[in-house]
Amino acid sequence: MSGCHDCSSGCASAAILDRSASAQHTVAIVGPPNSGKSTLFNRLTGLRQKVANFPGVTVEQRTGRARVSGREVELIDLPGLYSLEPRSEDERVACDVLRGRMKGVPKPDAILLILDATNLGRHLVLAAPVLALGIPTLVILNMADDLRRRGGRVDVEALARQLGAPVALVSATKGEGLETVLEFLSGTFGVPAPVELPVLHDVPRCRQWAGRVGERASYHPPAPPLWTRRLDAVLLHPVAGPAIFGLVVLTVFQSIFSWARPLMDAVQGLVLASGSWVERLLPESPLRALLVEGVWGGVGSVVVFLPQILLLFLFIGVLEDSGYLARAALIADRTMARVGLQGKSFIPLLSAYACAVPAILATRTIENKRDRIATILIAPFMTCSARLPVYTLIIAAFLPERPLVGPFLGTRAAALLGLYLLGFLAAVATARVLKSSILKSERTPFLLEMPPYRWPTIQSLGLRLLDRSKIFLRRAGTVILMVGVALWILAHLPLEDGRPVPIERSVAGTLGRAIEPVIEPLGFNWKIGIGLITSLAAREVIVGTLGTIYGMEGDARSVGLQAALRQDLTPGGAVALLVFFAFAMQCVSTIAVVRRETAGWKWPALQFLYMGSLAYAGAFLAHHLVNWWTGA
Amino acid sequence: MQLSRNKLPEPAAHPARRRLTDLREGEQAILEQLELPEDFARRLMELGFLPGSRITAARSAPGGDPRVYQVDGSEIALRAETASRLRIRPARDGS
């Protein structure tokens, strides 16, 4: 056991010794969209995943490790494929990996080809080109439980004989039949030897071949999914459909305020308790002040928003995994078409509500270059979760909660909804301008598969939330922590007679006051100005920054962040700040990813300037309108 | 009802040469021809829209566009501008 340093108690030591650690295998998971690839991937790898930082649609390459009887297997979850003749960028990536043409990714030693057992006729078509690659392949027929329940069946052994490759009937959601998959991964890989293969480039022939193979394997397709039809009768009803769509959106917003509150209070309590514990533990010193004001004040005031962000991701996860998102895209397609975009832009834009970065990566599924760039350019207008802490802080500070539409919608949720709408309208208007000028193109055809409705699994939702928490906390522990500490130091320098000057005359204060003339027309003072500068790194940093600044002002700390804000901002300034954050592109990660995806500085620079000017103009207008309205 | 009002001259001459958009919800037909650029026709064929296959019109977005079509065991939504370029002939049984 000497060479085995990270062997957990469960692994079989004998297997480790004969298959040395160097024999690591790369296995690709391949399959059509909606065949359950990601669910299987989650099942096999669990928490040992390297999700390329972002959850959401599987466009980025996700890798994970599975340990099967001692053998380490590196699994790659490839984007969904209909054939090995790619039409979009993410399909091209998948094909390149399979053919060993992807830089930095070894050619897979084996393939797990995952197909939907309830729709084998069509899905088997993909088996032809995959088996023809000559890579050892396990054909996995997923959704075995669905197949059985709806009265379908298939002779697995006969199918294996036809394909010349092992076949497993599994249910990835239920974890049924996975032992066959593990057995395959731990065994010796054999090259597939199908009885016959069709001419690969001829789709009708391939489909006929799939039909023949299915017939010889006594495949009986299941009855149509009754529940999906019933649900669609309601959810795609001409009147009820859009109404339910609206209701779903309202519920999400209302619950972000009301359901998350107890959890947020709990986190807040924890932050306060641990902060005062540190304060009691350490003797009075600059270090203690740095910890309490810089770290706890800065990081703590951002961490409080974790429950809200998780709730948002829980909703997005449920909508996506259940299959409702495809229906929502269908309902929204007309609106998208009106601004000149296609329905396919809808899914990236929807995931931009979580974060613009995965959304911009998800635009790779859009085949048309100009449509893709237009979608990238408008994605940061969608209200990402980093804006949520800023929005909820300011709304809660300035707007009293009152019921607006019975118990369903309160004033605060309505204000939040309004801000989401504002971002959406800015996106739509921008798209319209772009698509009728510099990014004009022929309308690209649209097609969207409607998957049957499924219960989201706890595991896949849990993994999403865990993933999101990790990203959020990592950001809080790095970017926000560093900004907090740097800001605290800058706010205490220079020293006069060994004592820090008042914050107004410190380096940070001087910086804030330097830009004060520029932001004064928007109703912002120098403290907000410091927040605007630091929030260029990431939007939520402003909350931490204000937490640090007010933390240093002894009396402000006692009244809390909300009350301190009320002393510093007029209602007009508050609305202006909200509008500014709705429009401005304050996110280094987004700028970096746009530069990478558009291969140059042209588009991100244009985008930053455009969004910045819009933010300034919008905030200016909002400030003066509100002042005029309130007579201030 | 709306169909006949919109295109009076054409269907009279070629009663068999109908388009997929002519199907109302619940109606079936056999796909005859895809009058689309090759690569896009290919993608549709990969999804089951093969000449000779049976297609059923299902639900649609409000306003009737895009519409979901049941074909080869799946449900695929197409915009009218695409569906109108798929030629169909009546299915022998059913409607």
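The values are calculated or read from the model by the stated rules, or taken from the named source; none is laboratory data. Not measured: the values here are computed from a predicted model. Glycine also receives a Cβ, built like all others from the backbone with ideal geometry; neighbour counts cover every protein chain displayed.
Between B:41, B:29, which is more than 7 Å from chain A (Cβ to nearest Cβ) and assigned to a helix (DSSP H, G or I)? Every option except B:41 fails the conditions.
Checking A:147, A:113, A:124, A:120 one by one, the residue that is away from chain B (no Cβ under 14 Å) and not small (Gly, Ala, Ser) is A:113 and no other. Mind listing just one residue for me: the one in region A:94-110 that is in a loop (DSSP other than H, G, I, E, B) and either among the charged types (D, E, K, R) or within 14 Å of another protein chain (Cβ to nearest Cβ) (or both) and, of those, nearest to residue A:181 (Cα to Cα)? Filtering region A:94-110 for residues that are in a loop (DSSP other than H, G, I, E, B) and either among the charged types (D, E, K, R) or within 14 Å of another protein chain (Cβ to nearest Cβ) (or both), the one nearest to residue A:181 (Cα to Cα) comes out as A:109. Just one of the listed residues (A:392, A:430, A:375) is within 16 Å of residue A:311 (Cβ to Cβ) and not charged (D, E, K, R), namely A:392. For region B:49-86, a residue qualifies if it is in a loop (DSSP other than H, G, I, E, B) and either closer than 25 Å to residue A:245 by Cβ or touching a residue at least 60 places away in the same chain (Cβ under 8 Å) (or both), and the qualifying residues are B:61, B:62, B:63, B:64, B:65, B:66, B:79, B:84, B:85. Is it true that residue A:236 is within 14 Å of chain B (Cβ to nearest Cβ), touching a residue at least 60 places away in the same chain (Cβ under 8 Å) and surrounded by 15 or more Cβ atoms within 10 Å (Cβ to Cβ)? Spelling it out, residue A:236 is indeed within 14 Å of chain B (Cβ to nearest Cβ), touching a residue at least 60 places away in the same chain (Cβ under 8 Å) and surrounded by 15 or more Cβ atoms within 10 Å (Cβ to Cβ).
Evaluating residue A:545 against the criteria (1) in contact (Cβ under 8 Å) with a residue 40 or more places away in the chain; (2) surrounded by fewer than 22 Cβ atoms within 10 Å (Cβ to Cβ) leaves one unmet condition, (2). Name the single residue that is nearest to residue A:583 (Cα to Cα) among those in region A:487-534 being among the polar types (S, T, N, Q) and outside any helix (DSSP H, G or I). Taking the candidates together, the pick is A:525. Assessment of region A:75-83 against the conditions (out of contact with any Ser or Thr (no Cβ under 9 Å at 6 or more places or on another chain), surrounded by fewer than 23 Cβ atoms within 10 Å (Cβ to Cβ) and without any contact (Cβ under 8 Å) to a residue 12 or more places away in the chain) yields no matching residue. All of A:128, A:158 fail the test of being out of contact with any Pro (no Cβ under 8 Å at 6 or more places or on another chain), more than 21 Å from residue A:77 (Cβ to Cβ) and small (Gly, Ala, Ser), apart from A:158. If you go through region A:244-252 one residue at a time, do you hit one that is at pLDDT 90 or above and within 14 Å of chain B (Cβ to nearest Cβ)? Looking for residues that are at pLDDT 90 or above and within 14 Å of chain B (Cβ to nearest Cβ), one finds at least one in region A:244-252, hence yes. All conditions in (1) part of a helix (DSSP H, G or I); (2) more than 30 Å from residue B:62 (Cα to Cα); (3) out of contact with any helix residue (DSSP H, G or I) (no Cβ under 7 Å at 6 or more places or on another chain) hold for residue A:201, with the sole exception of (1).
All told, residue A:583 falls short of being without any contact (Cβ under 8 Å) to a residue 60 or more places away in the chain and more than 22 Å from residue A:484 (Cα to Cα). Counting just the residues of region A:367-412 that are assigned to a helix (DSSP H, G or I) and touching a strand residue (DSSP E or B) at 6+ places or on another chain (Cβ under 8 Å), which one comes out surrounded by the fewest Cβ atoms within 10 Å (Cβ to Cβ)? Only one residue tops the list, namely A:411. Residues in region A:487-530 that are touching a His at 6+ places or on another chain (Cβ under 9 Å), crowded, with 16+ Cβ neighbours inside 10 Å and not β-branched (Val, Ile, Thr): A:500, A:506, A:508, A:522, A:523, A:524.
Residue-wise test of (1) of a type outside the set (A, V, I, L, M); (2) over 24 Å from the mean Cα position of the chain (by Cα); (3) surrounded by fewer than 22 Cβ atoms within 10 Å (Cβ to Cβ).
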site: A:571; (1), (2), (3): yes, yes, yes
site: A:588; (1), (2), (3): no, no, yes
site: A:603; (1), (2), (3): yes, no, yes
site: A:606; (1), (2), (3): no, yes, yes
site: A:619; (1), (2), (3): no, yes, no
site: A:626; (1), (2), (3): no, yes, yes
site: A:630; (1), (2), (3): yes, yes, yes
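Residues that are of a type outside the set (A, V, I, L, M, F, W, C) and facing another protein chain (nearest Cβ under 9 Å) within region B:68-84 comprise B:70, B:72, B:73, B:74, B:75, B:79, B:81, B:82, listed in sequence order.
Listed by position, the helices (runs of 4 or more DSSP H) inside region A:117-196 whose residues that are small (Gly, Ala, Ser) and over 25 Å from residue A:460 (Cβ atoms) number at least 1 are A:120-123, A:127-132, A:156-163. If you go through region B:44-61 and keep only what is within 16 Å of residue A:450 (Cα to Cα) and facing chain A (nearest Cβ under 8 Å), you end up with B:44, B:46, B:47, B:48, B:58, B:59, B:60, B:61. Among the conditions (1) over 27 Å from the mean Cα position of the chain (by Cα); (2) within 14 Å of another protein chain (Cβ to nearest Cβ); (3) at pLDDT below 85, residue A:91 misses just one, which is (1).
Is it the case, given these coordinates, that residue A:446 is out of contact with any Leu (no Cβ under 6 Å at 6 or more places or on another chain), within 14 Å of chain B (Cβ to nearest Cβ) and in contact (Cβ under 8 Å) with a residue 12 or more places away in the chain? The answer is yes for residue A:446. Looking at B:72, B:39, B:65, just one residue is surrounded by fewer than 16 Cβ atoms within 10 Å (Cβ to Cβ) and either at pLDDT 95 or above or within 24 Å of residue A:87 (Cβ to Cβ) (or both), and that residue is B:39. Of the numbered criteria (1) at pLDDT 80 or above; (2) closer than 30 Å to residue A:432 by Cβ; (3) touching a Ser or Thr at 6+ places or on another chain (Cβ under 7 Å), the one residue A:352 fails is (3). Considering the conditions (1) more than 19 Å from the chain's Cα centre (by Cα); (2) within 30 Å of residue B:65 (Cβ to Cβ), residue A:283 is excluded by exactly one of them, (2).
What are the residues in region A:290-339 that are outside any helix (DSSP H, G or I) and more than 14 Å from every other protein chain (Cβ to nearest Cβ), if any? Those that are outside any helix (DSSP H, G or I) and more than 14 Å from every other protein chain (Cβ to nearest Cβ): A:304, A:305, A:339. In region A:561-632, counting only helices (runs of 4 or more DSSP H) that sit wholly within it, the ones holding 3 or more residues that are within 22 Å of residue A:352 (Cα to Cα) and in contact with a Gly (Cβ under 6 Å, 6 or more places away or on another chain) span A:571-583.
Just so you know, in region A:212-233 the residues that are in a helix (DSSP H, G or I) and at the interface with chain B (Cβ under 10 Å from one of its Cβ atoms) include one that is surrounded by the most Cβ atoms within 10 Å (Cβ to Cβ), and it is A:232. Consider region A:439-477 and keep the residues that are modelled with pLDDT under 80 and in a loop (DSSP other than H, G, I, E, B). The one that is surrounded by the fewest Cβ atoms within 10 Å (Cβ to Cβ) is A:442.
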